[in-house]
2 protein chains.
Amino acid sequence: MKLTEEFVGKIYNAIPTEEAIESAKLGVLDFLTSSYAGKDDPGVLKLLQLIELEGGLEITPLIGQSRMATPQQSALINGFLAHALDFDDVHVEVRGHPSAVLLPTLIALASNNEVSGKRFLQAYVVGVEVMARIARAISDQHYEKGWHNTGTIGVLAGALAGGYMLQFSRKQLAQALGFATTQSSGLRIHFGTETKPLHAGLAARAAVLSVQITMVNFLNNTSSFDDKGNYFDVYGVGTEGISSILLDGWNEGWKIDSPGLWYKIYPFCSAAFFGADAALHIGKLNLDEIKEVVITFSNNTDAALIHRHPKTGEEGRFSIEYIVSLILQGKSLDFQQFDSKPIDSVSEQLILKTARQNVKEQPSIARYTKVKVILNNGDIIEKVSTTPKGSPQNKVTKQELIDKCKSIVKSCELEDKWLNTIFSLDQHKNMSSFLSLL
Amino acid sequence: MKLTEEFVGKIYNAIPTEEAIESAKLGVLDFLTSSYAGKDDPGVLKLLQLIELEGGLEITPLIGQSRMATPQQSALINGFLAHALDFDDVHVEVRGHPSAVLLPTLIALASNNEVSGKRFLQAYVVGVEVMARIARAISDQHYEKGWHNTGTIGVLAGALAGGYMLQFSRKQLAQALGFATTQSSGLRIHFGTETKPLHAGLAARAAVLSVQITMVNFLNNTSSFDDKGNYFDVYGVGTEGISSILLDGWNEGWKIDSPGLWYKIYPFCSAAFFGADAALHIGKLNLDEIKEVVITFSNNTDAALIHRHPKTGEEGRFSIEYIVSLILQGKSLDFQQFDSKPIDSVSEQLILKTARQNVKEQPSIARYTKVKVILNNGDIIEKVSTTPKGSPQNKVTKQELIDKCKSIVKSCELEDKWLNTIFSLDQHKNMSSFLSLL
């Protein structure tokens, strides 16, 4: 049997466990929290202008905007919103942001189709599974070449999760995958600009189109993972050795549980969390005493941190140099440090004293970032982090996610509504109560 | 100066000649003819269903449909229409279909912006120039790996042509290019299905979005051709040696003139035109006498012809084996041979006797296809084609394009309207008369 056929067969037969569904609820809560935190981002206002050029039926809610748009428009804007502040979850195996693509896709498709809350949550679990497996199968080379997994792989996962939610046949799942693979795009050179979160929206929109165009039985090649010039040939390094990654262990464990989603407690790129954690263990220093800062990463794990000399806080979300400089100054790591304003001159000075290294390590060595501060008097302060808060080995708890939600929502009534609806979502016959939250 | 900056500077300063504008008029005529020929294609009806899911403002005409849609929807559908029958122009340097992406993009953007007929034609000239130069710069490896240039490179050309038409600043052109590069997609595995022409529509839609989102000043990386992980790094083999291809000779000659667009007289892939031409020089044979047919291509020039054993006429558009078998049977090469019906058993039998070869030749050897028929009595009939009708060395004339138009439109009134409007388009203050033709 062909790989594509076997893979969509796994999705067709997927039955996520109760545990996975409980994890999915946390994912939905954090998605909504992160999107709500980004609701006034300047990029949203720009995207709303684009809607005026097109008009359209008001079917799907735009998060925090008190208005509706077409399913495709909502996917674009809700995807952007979720990822606007880089405050949404990541997944280590995905090397990107699953929920910012998957949930806007599922919300758009649930808006004009009858879908139960349980099926919605199951589809989300399946989407995370698909995205992590494809990302592992395509190898790190894909990301390191310059692709943005959230966009490139997100569209595949969104299309398959959407197809699963709407109970597509195996053939329809393969069709949807075909449309997704042929729309796969997103370049990492846009990290640190509004276009990075736009990729989540573009992937969600393309996933919605992939599902919709399958429903009108538009024809394509349904062997996206098999034929010469297939997805892995073009975007990765071929299909050799990937079938077990894609096929083994379905319905045994779920990647939304293990290693699980990585929820963020700071609004910057998770690749910087290790270094931030190490720097936090050093704490505030007297800047006059600092001669040099050296930050060491294992195995290209700084690939996402493309800004070494950021000009704005937004670029600073992808600059370990900037983030460590904030911590050594004793500044808080909140939103205002990561907006579009130019960064301050004190941080700039400290960044000029900072060097970055990347060390090739054996696979047996756990991922780490080391921060070393050399003082003018010759003293050295050095800390290493392998398990920052949020990472799979040091997970954010349910209560901490509720606290994150509270800190953003700041309305007991709204917060109660969110928590009640989300935590009982698997009992809902349809999605209308949930959609009314947005 | 950075490559991106220099490249968009060339576009900013482009002033196409009168000759190029006259060539552009022929391109517009043939685009409209080919789109009109595809107006009842089953795929169009499917795409029209998608519009019902979204609704939207009725701004831009859908060719031959007597209805309007939003600019983005029109780009998707008009792009599909133009390429639906594979009857639209190609360009040897593009290795794809420029007009099917460029004109739907420009039509969509001209619909709610004030644009003169001359500026519209100039933008089309610039778009062909950009698409051919980028395709040459990215190297044949891009196409041969599995990308569909019409989609992947089309979006860049469409975005830049659109930006030029709307008199974007240099910075805006670089922004639009950034949005286009990060949306670039389309896989050749879909050749022979409805999704191949969909790629033209998807590229046009993405180009329209690239221009629209630039107009609301959405921010991105504007060094798409320079920074590490740039477009050529990810989609090609890097930027080494490409600056002269992208930058030299602007405003001297125009690729829409020389080598010029390749207009089609048959509705199948132009890569098969050489072989068809050779077979036509052999002509009809007695099938019982044929022992074997061997078709030889130079230098991977059969890469587009992905179907060796096509199941339908639609797949047959990308099968030299099928096309040669039709010719040797004395069948005509018209639309009905290339629709979605299963191919006949006589053709199937002949295909089973056909073998294909690809020969690596020196660059000095002109592109060719050779058809050799070995008869049961040992006789061999062999013909070679290097200049099939339509190719740059054997161009379709203006009168032949008018005849092609007449054979499709079959209404003297409509045809007169088309010819009068298109051939005077450079005199029109705005695009309304032209848009009313669609």
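A short reminder: the numbers here are calculations on the coordinates, not readings from a lab. Keep in mind the model is a prediction, meaning the values are calculated, not measured. Cβ sites come from the backbone with ideal geometry, for glycine too, and all protein chains shown count toward neighbours.
Some notes on this structure:
- Residues B:D248, A:D288 in ascending order of nearby Cβ atoms (within 10 Å, fewest first): A:D288, B:D248.
- Each residue of segment A:223-236 was assigned a 3J(HN,Hα) from its phi angle through the Karplus expression (A = 6.51, B = -1.76, C = 1.60, θ = phi - 60°), giving 10, 4, 9, 10, 5, 4, x, 6, 3, 6, 4, 8, 9, x Hz with x at Gly and Pro.
- Each DSSP beta bridge with both residues in the protein assembly as shown is either parallel or antiparallel, and the antiparallel ones are about 75%.
- Rounded, prolate or oblate (a/c below 1.5 giving rounded, otherwise prolate when a/b exceeds b/c) for segment B:270-385 by Cα gyration tensor: oblate
- The length gained by stretching the chain between B:V216 and B:K228 to full extension, at 0.36 nm per residue less their Cα-Cα distance, is 1.6 nm.
- Applying 1/(1 + (r/R0)^6) with R0 = 22 Å to the Cβ-Cβ distance of B:V294 and B:Q362 gives a FRET efficiency near 0.55.
- Between the amide H of B:T182 and any residue lying 5 or more places away or on another chain, no distance stays under 5 Å, with hydrogens modeled in the peptide plane.
- Isotropically averaged projected area of segment A:391-430, using the convex hull of Cα atoms (one quarter of hull area), nm²: 3.8
- Chain A: antiparallel DSSP beta bridges as a percent of all, rounded to 5: 75
- The protein assembly as shown, dipole about Cα centre (Lys/Arg Cβ +1, Asp/Glu Cβ -1), debye to the nearest 20: 200
- Chain A shape via C-alpha gyration tensor axes, a/c threshold 1.5: prolate
- Considering only alpha-carbon pairs that sit under 8 angstrom and 6 or more positions apart, the relative contact order computed for segment A:90-138 is 54 percent.
- Segment B:211-277 pair-distance distribution - Cα-Cα, 5 Å bins, rounded %: 3, 11, 12, 11, 14, 18, 17, 9, 4, 1, 0
- Here segment A:380-405 is scanned for amide nitrogen atoms under 18 Å from the site 7 Å beyond the Cα of A:L437 along Cα-to-Cβ, giving A:397-405.
- Leading residue at positive end of dipole, the protein assembly as shown (Cβ point charges), from B:M165, A:I134, B:T369: B:T369
- Annotation note: GluC sites (Glu not before Pro) in segment B:333-438 located in DSSP loop regions with a Cβ neighbour count of at most 15 within 10 Å are B:E361.
- Placing a label point 7 Å from Cα along the Cα-to-Cβ direction at B:S411 gives distances to the equivalent points in the other copies of 5.5 nm, listed shortest first.
- Förster-model FRET efficiency, 60 Å R0, B:E252 and A:S66, C-beta, rounded to 0.05: 0.60
- 12 Å cut-off, amide nitrogen to a point 7 angstrom out along B:L57 Cα→Cβ, residues in segment B:106-127: B:111-113
- Sorted from nearest, the other copies put their A:S169 label points 5.5 nm away, the label point being 7 Å from Cα in the direction of Cβ.
- Percent of beta bridges antiparallel (DSSP, segment A:270-385, rounded to nearest 5): 70
- Approximating the spin labels as points 7 Å out from Cα along Cα→Cβ, the B:K171-to-B:N113 distance works out to 1.7 nm.
- Ordering B:H199, B:H91 by the number of other Cβ atoms within 10 Å of each residue's own Cβ, fewest first, gives B:H91, B:H199.
- For B:A69, distant residues with modelled amide H under 5 Å away: B:I59, B:T60, B:L62
- For chain A, the longest principal axis of the Cα atoms and the long axis of helix A:412-423 meet at an angle of about 60 degrees.
- Relative contact order %, segment B:270-385, counting alpha carbon pairs below 8 Å whose residues are six or more apart: 41
- Highest GNM mean-square fluctuation among A:L29, A:L81, A:L47, for chain A modelled with Cα contacts below 10 Å: A:L47.
- Proxy reagent accessibility, fewest Cβ within 10 Å first, across A:L48, A:L173: A:L48, A:L173
- Note on segment A:108-221: the alpha carbon radius of gyration divided by the globular reference 2.2 N^0.38 Å gives 1.05.
- For segment A:1-44, the gyration tensor built on C-alpha atoms gives an oblate shape. Its axis ratio a/c (a ≥ b ≥ c) is at least 1.5, and a/b is not larger than b/c.
- Dividing the mean sequence gap of close Cα pairs (under 8 Å, 6+ apart) by how many residues segment A:1-117 holds gives a relative contact order of 26 percent.
- Loop-located GluC sites (Glu not before Pro) in segment B:248-293, at most 14 other Cβ atoms within 10 Å (DSSP): B:E252
- Cβ-vector label at 7 Å, B:T387, separations to other copies in nm: 7.6
- Projected label points at A:K353 and B:N13, each 7 Å from Cα along the beta carbon direction, are separated by 4.6 nanometres.
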